[in-house]
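Engineer: Below is one structure. I have some questions about it.
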Amino acid sequence: MAQNAPLILRLVASSITAVNRAGKIIRDVMSQGDLGIVEKGKNDLQTEADRSAQRCIVTSLSRQFPSVTIIGEEGPSNCEVPSDWVVTDSDPQVLQLQCPEELGSVLDHEVVVWVDPLDGTSEYTQGLLDHVTVLVGIAVGGRAIGGVIHQPYYNYETVNGDDMGRTLWGISGIGTGGFEPQLPPEGRRIITTTRSHSNSVVQAALDALHPDEILRVGGAGHKVMLLMEGKAHAYVFASPGCKRWDTCAPEAVLVAMGGHLTDMHGNSYCYNKDTPHQNTGGVLATAKGEDHSWYLRNLPDTIRQTLV
Ligand SMILES: Nc1ncnc2c1ncn2[C@@H]1O[C@H](COP(=O)(O)O)[C@@H](O)[C@H]1OP(=O)(O)O
Ligand SMILES: [Mg+2]
Ligand SMILES: [Mg+2]
Ligand SMILES: [Mg+2]
């Protein structure tokens with residue numbers, strides 16, 4: 001059965017196992033206490049957890065899917081990967097799903113996988129552990145059609161060791177799993193945004209939308225989870241700081257639930273292998289049931305013009 005399942009289901013099922021393993025690596029690096037922080041650029045850190053989680057995921061997926069293009073945030077590494085970081089089993093429940101016809105015959109060379117081994121690095125280094133996610137996004141024809149979001153520290157305040165953590169997934173035309181989808185409260189406007197990469201334009205965009213409440217939290221994955229669990233109505237980030245690996249998986253899961261993710265102009269990002277990595281148009285994501293176009297209409301042109 002497993003071998004016969006369509007490629008997209010096998011990719012999502014194997015990504016679930018890989019992100020779970022990567023999540024354990026992320027917890028182990030933290031509990032060993034030496035984060036090995038490297039500054040990649042301004043306000044842009046990398047830790048041993050980012051590097052090791054990427055090697056785990058990319059090696060695990062490329063062993064199983066050698067013809068699929070895999071693009072990871074942290075770039076290649078030629079260090080040997082410990083054998084217990086390489087996982088090749090897959091989530092049995094996802095393999096049993098009914099694949100929609102348009103995805104059933106997708107071939108390996110048509111797929112691009114975008115890996116963010118640790119989203120929310122800044123918050124990870126500051127001990128805001130539940131802001132951290134591991135993201136694997138699957139794109140076909142430039143569109144984000146499948147996504148896996150692992151939250152390695154989910155419930156970390158109430159459970160111990162490897163009992164903590166959870167994994168959410170979504171596939172276009174099938175739906176979502178691993179969480180209880182909820183709509184945000186009616187009659188209020190709660191907007192989530194960056195806590196570590198703000199600037200005057202980011203703030204001006206928020207001001208223009210007159211939110212009742214602003215949730216400043218880390219990570220693109222974490223913020224999209226707030227939309228899907230009814231904690232916020234929109235994720236607004238008027239900055240070119242996010243990259244394709246930050247949004248591919250969150251977009252796929254959010255859209256599978258009925259939400260939207262575009263740039264500040266209302267355009268969808270392209271996720272094919274030759275696309276530029278930077279999300280230069282910013283990020284606007286809205287929960288299921290929200291009027292995405294309301295946010296687009298109410299963002300001033302002066303802000304949009306800074307994001308081309
Ligand atoms: N200016 C930036 N430089 C580097 N990464 C950024 C920047 N802005 C956003 N990001 C990435 O997008 C994610 C969401 O942004 P924010 O948390 O600020 O809302 C960040 O966790 C970070 O991903 P990562 O942690 O994987 O490097
Ligand atoms: Mg980073
Ligand atoms: Mg990221
Ligand atoms: Mg990252």
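Engineer: Pairs, please: C-beta under 7 Å, at least 6 apart or cross-chain, first residue touching a residue at least 12 places away in the same chain (Cβ under 8 Å) and in the stretch 33-61, second of a type in the set (Ser, Thr, Tyr) and loosely packed, with under 13 Cβ neighbours inside 10 Å?
Structural biologist: The qualifying pairs are SER60/THR88.
Engineer: Okay, moving on. So, of the residues in the stretch 35-78 that are assigned to a loop (DSSP other than H, G, I, E, B) and in contact with an Asp or Glu (Cβ under 7 Å, 6 or more places away or on another chain), which turns out to be nearest to ligand 3 (Cβ to nearest atom)?
Structural biologist: Going residue by residue through the stretch 35-78, those that are assigned to a loop (DSSP other than H, G, I, E, B) are 35-37, 42-43, 47, 65-68, 73-78.
Keeping just the survivors that are in contact with an Asp or Glu (Cβ under 7 Å, 6 or more places away or on another chain) gives 35-36, 65, 67-68, 73-74.
Working: LEU35: 16, GLY36: 18, PHE65: 22, SER67: 26, VAL68: 21, GLU73: 6, GLU74: 10 Å.
Among residues in the stretch 35-78 that are assigned to a loop (DSSP other than H, G, I, E, B) and in contact with an Asp or Glu (Cβ under 7 Å, 6 or more places away or on another chain), the one nearest to ligand 3 (Cβ to nearest atom) is GLU73.
Engineer: Let me ask you something else. So which pairs qualify, if the first residue must be in the stretch 238-258 and in contact (Cβ under 8 Å) with a residue 24 or more places away in the chain, the second must be more than 15 Å from ligand 1 (Cβ to nearest atom) and of a type in the set (Lys, Arg), the Cβ gap must be under 8 Å, and the two must be at least 6 apart or on different chains?
Structural biologist: Pairs found: MET257/LYS288; GLY258/LYS288.
Engineer: What do you reckon, is ALA256 away from ligand 3 (no atom under 15 Å from the Cβ) and touching a helix residue (DSSP H, G or I) at 6+ places or on another chain (Cβ under 9 Å)?
Structural biologist: For ALA256, the condition - away from ligand 3 (no atom under 15 Å from the Cβ) and touching a helix residue (DSSP H, G or I) at 6+ places or on another chain (Cβ under 9 Å) - is not met.
Engineer: Pick from the stretch 180-226 the residues that are outside any loop (DSSP other than H, G, I, E, B) and in contact with a Pro (Cβ under 6 Å, 6 or more places away or on another chain): which of them is farthest from ligand 3 (Cβ to nearest atom)?
Structural biologist: Quick first cut of the stretch 180-226, residues outside any loop (DSSP other than H, G, I, E, B) only: 182, 190-193, 200-208, 213-216, 220-226.
Those left that are additionally in contact with a Pro (Cβ under 6 Å, 6 or more places away or on another chain): 191, 208, 220-221, 224.
On the way: ILE191: 19, ALA208: 25, ALA220: 6, GLY221: 7, VAL224: 11 Å.
This residue is ALA208.
Engineer: Give, as residue ranges, the strands (runs of 3 or more DSSP E) completely inside the stretch 110-177 that count at least 3 residues that are crowded, with 24+ Cβ neighbours inside 10 Å. Before you say what the answer is, go through the steps one by one.
Structural biologist: Details: elements: 111-119, 133-140, 143-151, 166-171, 175-177.
Fully inside the stretch 110-177 and qualifying: 111-119, 133-140, 143-151, 166-171.
Engineer: Find all pairs meeting these conditions: Cβ atoms under 6 angstrom apart; at least six residues apart or on different chains; first residue within the stretch 176-203 and closer than 30 Å to ALA13 by Cβ; second residue among the acidic types (Asp, Glu) and part of a strand (DSSP E or B).
Structural biologist: GLN182/GLU229
Engineer: Quick check, is HIS233 more than 16 Å from ligand 2 (Cβ to nearest atom) and either free of Cβ contacts under 8 Å to residues at least 40 places away in the same chain or out of contact with any Pro (no Cβ under 7 Å at 6 or more places or on another chain) (or both)?
Structural biologist: No.
Engineer: Residue under question is SER200, and the condition is that it be among the small types (Gly, Ala, Ser), touching a helix residue (DSSP H, G or I) at 6+ places or on another chain (Cβ under 6 Å) and either surrounded by fewer than 22 Cβ atoms within 10 Å (Cβ to Cβ) or modelled with pLDDT under 95 (or both); does it hold?
Structural biologist: Values: among the small types (Gly, Ala, Ser): yes; touching a helix residue (DSSP H, G or I) at 6+ places or on another chain (Cβ under 6 Å): no; either surrounded by fewer than 22 Cβ atoms within 10 Å (Cβ to Cβ) or modelled with pLDDT under 95 (or both): yes.
Taking the combined requirement at face value, the residue does not satisfy it.
Engineer: Out of PRO117, PRO82, PRO76, which single residue is free of Cβ contacts under 8 Å to residues at least 60 places away in the same chain and either touching a Lys or Arg at 6+ places or on another chain (Cβ under 6 Å) or within 16 Å of ligand 4 (Cβ to nearest atom) (or both)? Even if it seems obvious, please write down each step before you answer.
Structural biologist: Working: PRO117 fails: free of Cβ contacts under 8 Å to residues at least 60 places away in the same chain; PRO82 fails: either touching a Lys or Arg at 6+ places or on another chain (Cβ under 6 Å) or within 16 Å of ligand 4 (Cβ to nearest atom) (or both).
From the options PRO117, PRO82, PRO76, the qualifying one is PRO76.
Engineer: Pairs please, first residue from the stretch 120-142 and without any contact (Cβ under 8 Å) to a residue 24 or more places away in the chain, second anywhere and not hydroxyl-bearing (Ser, Thr, Tyr), Cβ atoms under 9 Å, 6+ apart in sequence or on different chains.
Structural biologist: GLN126/GLY218; GLY127/MET30
Engineer: Same structure, new question: Just the residues that are touching a strand residue (DSSP E or B) at 6+ places or on another chain (Cβ under 7 Å), assigned to a loop (DSSP other than H, G, I, E, B) and surrounded by fewer than 22 Cβ atoms within 10 Å (Cβ to Cβ), please, taken from the stretch 237-278.
Structural biologist: PRO240, SER268, ASN272, LYS273, HIS277
The values are calculated or read from the model by the stated rules, or taken from the named source; none is laboratory data. None of these values were measured; they are calculated from a predicted model. Heads up, the Cβs are rebuilt from the backbone with ideal geometry, glycines too, and the neighbour counts pull from every protein chain shown.
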